[in-house]
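Written out below as structure tokens is the structure these notes cover.
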Amino acid sequence: MEKFTYFLTATGFANLNGPNMIMMVIALFLLYLGIAKKYEPLLLVPISFGMLLVNFPLSLLMAGPENGQPGGLLHYLYMGIELGIYPPLIFLGIGALTDFSPLISNPKTLLLGAAAQVGIFGTYLGALALGFTNAESASIGIIGGADGPTAIYLASQKAPHLLGAISVAAYSYMALVPIIQPPIMRLLTSKEERAIPMEQLRETSKRERILFPIVVILVTGLFLPTALPLLGMLMLGNLFRECGVTDRLSKAAQNELNNIIVIFLGLTVGAKCSAGYFLTFETIQIIVLGLIAFGIGTASGVLMGKIMNKATGGKVNPLIGAAGVSAVPMSARVVQTVGREANPNNFLLMVAMGPNVGGVIGSAIAAGIFLAML
Amino acid sequence: MYGLEAINDAHGWQMAALGVSIVFSSLIVLSIVISQLHNLLELWEKRKTLLPAGTAPDADAAPPTVAPDDDLLPHPPVCPTEIAAVATLWDPLIQQLDAPFTLQALYKAADANRFPHPHLTVNRLRDAGFLAPAGDGRFTWKHA
């Protein structure tokens, strides 16, 4: 009988508490969004499952080594985040997957990618005003870049205690791009502006595409060496893709490596969201600030698009500025959809890919600035 | 400490201004360099005609081999070589069509939107299984 009682007290049922249950419900809801609604399923499914696993009472998955016993599986996988290994490897995969031709053929769109980073610095100020420290504010502000790996990288280096909330906010907003961006885009543009057709992009040569990653890394590496872990891997992945002699490496970076890292990253980010850590007022503030950051980023991109529209005599559709946040390729798709509503014959997707990949470079530079200055 | 006092204490205004300036200046430099890339490559291609007489490479030197250079082939930015990447670009266009659709309707939509090489691409998408027959000469889109 005594053993039976001991067994009962050692079960999850006996140790279940309110906060754990709330977190498990949130995890199941996110799982539902990922599977049923297909909101970024490749990220949301592992994140929410990691969240579920770590919130079981007496779960040892994230426990560190103790009394000569090894730690939990996720504790060791989490080292990849803590040591800043996973985000640059994700960037390697993104580089190998991304065609930079739209940016090479229309480099002016880099300015739209730069403008969209204003949200990062605006939110940094907002977070400071709410009482967060300098390093915490920078990590919260970077959510505005809508770039999950960059947000995780900066948070892991500067505010590891906020990593769970920041990564969940960053990936949630990336998944919610089609809901968050269109109202801001419509609010800031007229129907005539949204209907502006854009010129077909010029063709790029293979040599240009090979030189692009090398030139980018030479310029940005000299400007900001602290951005090299992210940008270096991004450009290496792209060089694998374009140089034509490393097809196997390019495919490995695009598929096997990328998928493995996404599983590890997703699981461990989710596992960081335990009840005691996540259900705090601070987390709510971070999630609200992240939304503001994302909104400001979208708005500043569109406003820069309007400036470029005026400067070019109406040749630029301001909507493409919204793709300056680096949620690739979701925000470019949103631009395409909103543009089509105003002009069914409009095709903005490829043009919007320019600021979109420019935004990836811009947010990595912004992260590098914070790493260098804080 | 909260509000403007906290921002001032952390030198927030200076940090934000400096941060925005560095992002803009580095991307402007990058954009200028990238915009000149194809001009530099053109200059490199024409270097023999541009070099003053006597400094041109020796005429007795081995004749230049014609390296396989795909610059000779069109490489439209909207036409990546991998069919999966092409399918991703075509996805938003095809989403506009009512499924199942005819290849003729798809071709017309692609042509109207100035997609390069629509006929060839539609054939490649069909061969790769992205366009699956749905009977009666109609097709459905199979793209995750």
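As a length-normalised measure over Cα pairs under 8 Å and 6 or more apart, the relative contact order of the stretch A:96-163 settles at 24 percent. For the stretch A:24-53 and the stretch A:309-358, what is the separation of their C-alpha centers, rounded to whole Å? The stretch A:24-53 and the stretch A:309-358 have Cα centres spaced 30 Å from each other.
The residues packed around A:K310, meaning those with a beta-carbon under 15 Å from its beta-carbon, carry a net charge of +1 if Lys and Arg are +1 and Asp and Glu are -1. Net charge in the neighbourhood of A:A367 (other residues with Cβ under 15 Å of its Cβ; Lys, Arg +1, Asp, Glu -1) is -1.
Local charge for A:K158 was computed over the other residues whose Cβ lies under 15 Å away, with Lys and Arg +1 and Asp and Glu -1, and equals -2. Database remark: amide H of B:A134 closer than 5 angstrom to the amide H of B:F139, B:T140 (H placed geometrically; neighbours at sequence offset of 5 or more, or on other chains; Pro and chain starts carry no H). Based on Cα contacts under 8 Å between residues 6+ apart, chain A shows a relative contact order of 29 percent. Take the Cα of B:I28, step 7 Å toward its Cβ, do the same at A:T312, and the gap between the two points is 1.9 nm.
Highest mean packing comes first when the peptides A:349-360, B:19-30, A:15-26 are listed by Cβ atoms within 10 Å, giving A:349-360, B:19-30, A:15-26.
Between the stretch B:1-30 and the stretch A:62-93, how many Å separate their Cα centres? Value for the Cα centre distance between the two parts: 33 Å.
Across peptide A:196-206, the average count of Cβ atoms from other chains found within 10 Å of a residue's Cβ is 4. Would chain A count as rounded, prolate or oblate if I go by the C-alpha gyration tensor, calling it rounded below 1.5 in a/c and otherwise prolate when a/b exceeds b/c, oblate otherwise? It is prolate, given that a/c is not under 1.5 and a/b is the larger ratio.
For the stretch B:4-50, dividing the convex hull volume of the Cα atoms by the residue count gives 53 Å³ per residue. Computed on the stretch B:83-141, with alpha-carbon pairs under 8 angstrom and 6+ residues apart, the relative contact order is 41 percent. Only helices enter the 222 nm calculation for the protein assembly as shown: every DSSP H run of n ≥ 4 contributes -39,500 (n - 2.57), and dividing by all residues gives -20500 deg cm²/dmol, rounded to 500.
Counting only other chain Cβ atoms within 10 Å of each residue's Cβ, the peptide A:360-373 averages 3. Look at where the Cα atoms of the stretch A:139-159 and of the stretch A:194-254 average out, and the two centres are 22 Å apart. For chain A, the number of Lys pairs with C-alpha atoms closer than 28 Å, counting only pairs eight or more positions apart or on separate chains, is 15. Across peptide A:95-102, the mean count of Cβ atoms from other chains lying within 10 Å of each residue's own Cβ comes to 3.
Each reported figure results from applying straightforward, stated rules to the coordinates on display, with no laboratory input. Being a predicted model, the structure only gives us computed values, none of them experimental. Positions of Cβ are generated from backbone atoms using ideal geometry, with glycine treated the same way; all protein chains shown enter the neighbour counts.
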